[in-house]
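Here's the structure, in structure tokens; my notes come after.
Read-outs: derived from the displayed coordinates by stated rules, not from any lab. Worth saying up front: this structure is predicted, and the values here are computed from it rather than measured. Reconstructed Cβ throughout: ideal geometry from the backbone, glycine too, with neighbour counts over all protein chains shown.
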Amino acid sequence: MSQLKPISHLDNIPSTPGKFKLEKSQPYIHRLRFHTSLSKLTLWSSFFLVFILFYYVLSSPSPSLPSRRSLNDSWGGPSWEKRVTRSAQRRSSHGLTVLVTGAAGFVGTHVSIALKRRGDGVLGLDNFNHYYEPQLKRDRQKLLERNGVFVVEGDINDSSLLKKLFDVVAFSHIMHLAAQAGVRYAMQNPGSYVHSNIAGFVNILEVCKSVNPQPAIVWASSSSVYGLNSKVPFSEKDRTDQPASLYAATKKAGEEIAHTYNHIYGLSITGLRFFTVYGPWGRPDMAYFFFTKDILKGKPITIFEAPDHGSVARDFTYIDDVVKGCVAALDTAKKSTGSGGKKGGPAQLRIFNLGNTSPVPVSELVNILEKLLKVKAKKKVLPMPRNGDVKFTHANISLAHKELRYKPETDLETGLKKFVRWYLSYYPGSGKKSSW
Ligand SMILES: NC(=O)c1ccc[n+]([C@@H]2O[C@H](COP(=O)([O-])OP(=O)(O)OC[C@H]3O[C@@H](n4cnc5c(N)ncnc54)[C@H](O)[C@@H]3O)[C@@H](O)[C@H]2O)c1
């Protein structure tokens, strides 16, 4: 049988190169083996490197890592920039141009709409995290869009996004509301508080200090900074060095960080200590919200009592009153004095309580809800666990009244009536027996 001649040297190479045998020239064989193994190693290392690179790029930003531009980012491009510009367009030259962080949140939605309605330019920013039902945030986003407010999806830790936003719009003010809220969740996910309330806030301030002109900043601190303070009502002059939760500690840290950036860079900064804000489009993790849900479902609710059977009370503050306080803080904020990272002179630094000045026991909150929902609650009374909650809150608002003309007007029953009306329309079928 005649043998077929190989058409080229390549035909001699079998599919398993390791088994390739040559009769002559042993050193050549060794060199070839060495080269083959080397190229195999290089090939596999390259595969491995490419895999690692892909994983790094595609993985979502971890709360403990700084954000990076990834394939998941939904910002950038001419039509995106057009939406940003249009949303931030103010109606008159006297209006403000405000970046609202946490815009798809409870307070952020209300503040953004109030500003937009009076003619200010408003752009929202929110990372739509899953701390509570994301659908509620998406529905708030739709409401904002109907009111002409575009919400950019992104994280406050993303410096390149923030810089881009400042490239496109010269914001006169930042209303910084993005945060990891909630006291009890800190025991499950402490990192999220550090990520949003500390690292995120510093990132916002870093970008604000560098831009020219620097914006004035109004941001949400919290009544929780009063912690174990027992002097009532809580005044801005009272001690705030005994936080009872990590949430409170991160808000207190925010106040100190604000002081630093004001001192070094001349940023005008106003902190607002909100007291238990409630109302339509509220937060499902708050008692008035989940009590309503559970009462309507016939599920038992737990009411905590303080030691010695004392009642737990909150200075519940209706959302519209808080919004007025936020808008007044923006309107009275003086300009930052620095530019391009350099301080130009002393700048405004303020802290205000925004509360209602009339604490109501949680048991009374439940009585009002029972009346409005026409359903008797199944109550379990338990001693308050040590999970970060405090016994009571009570705001002294004289400073806010003096400087912001802040004057809360909604009592708890009136505010809850509005909340329950919204709740029943937002969750149709959840209850049919309400009293109006
Ligand atoms: N509601 C209250 O009773 C109350 C009381 C005291 C203080 N506050 C403070 O007021 C602010 C607003 O509170 P809220 O009740 O509207 O809470 P919320 O949770 O409804 O709103 C916060 C929003 O910020 C967004 N967010 C969180 N981390 C972010 C990040 N890293 N980047 C971008 N977006 C992020 C969330 O997705 C959310 O939509 C918060 O700073 C909160 O701590 C609220």
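Extension gain for Asn387-Asp411 works out to 5.8 nm (0.36 nm per residue, less the C-alpha to C-alpha distance). Note on Ser93 and Lys380: their simple-model spin labels are 6.4 nm apart, each label 7 Å out from Cα toward Cβ.
Say the dipole of the stretch 215-300 comes from +1 at the beta carbon of Lys and Arg and -1 at that of Asp and Glu; which of Phe275, Ser235, Leu296 then lies farthest toward its positive end? Sorting the options by dipole projection puts first Leu296.
What length, rounded to one decimal in nm, is gained on full extension from Arg184 through to Glu133, with 0.36 nm per residue of separation minus their alpha-carbon distance?
Values: separation 51, 0.36 × 51 = 18.36 nm, distance 1.67 nm.
Between Arg184 and Glu133, full extension yields 16.7 nm more.
Globularity index of the stretch 228-357 is 1.32 (Cα radius of gyration / 2.2 N^0.38 Å, N = number of residues). Rg and Dmax of the stretch 172-272, both derived from C-alpha coordinates alone, stand at 13.9, 43 Å.
Here Tyr427, Tyr226, Tyr278 are placed in order of increasing Cβ neighbour count within 10 Å, fewest first, which gives Tyr427, Tyr278, Tyr226. Expressed as a whole percent, the proportion of Cα-Cα pairs in the stretch 140-185 lying more than 12 Å apart is 74%. Remark: the stretch 103-261 carries a charge dipole of roughly 380 debye about the Cα centre, counting +1 on each Lys and Arg Cβ and -1 on each Asp and Glu Cβ.
Would you kindly state how much longer the chain becomes between Ser74 and Lys297 on full extension, computed as 0.36 nm times their sequence separation minus their alpha carbon distance, in nm to one decimal?
Full extension from Ser74 to Lys297 adds 76.5 nm.
Of Ser92, Ser430, the sequence from fewest to most neighbouring Cβ atoms within 10 angstrom is Ser92, Ser430.
Seen from every direction in turn and averaged, the convex hull around the alpha carbons of the stretch 70-116 projects onto 4.2 nm². Spin-label model, Asn212/Glu370: points 7 Å from Cα along the beta carbon direction are separated by 6.5 nm. In the stretch 342-402 the Cα-Cα distances spread across 5 Å bins starting at 0 as 3, 12, 13, 14, 14, 14, 9, 7, 5, 3, 3, 2, 0 percent of all pairs.
Rg over Rh for the stretch 302-394 works out to 1.20, using Cα positions for both radii and the Kirkwood form for Rh. For the stretch 117-207, the fraction of alpha-carbon pairs lying more than 19 Å apart is 46 percent, rounded to a whole number.
By other beta-carbon atoms within 10 Å, ranking Met175, Met286, Met384 with the fewest at the front produces Met384, Met286, Met175.
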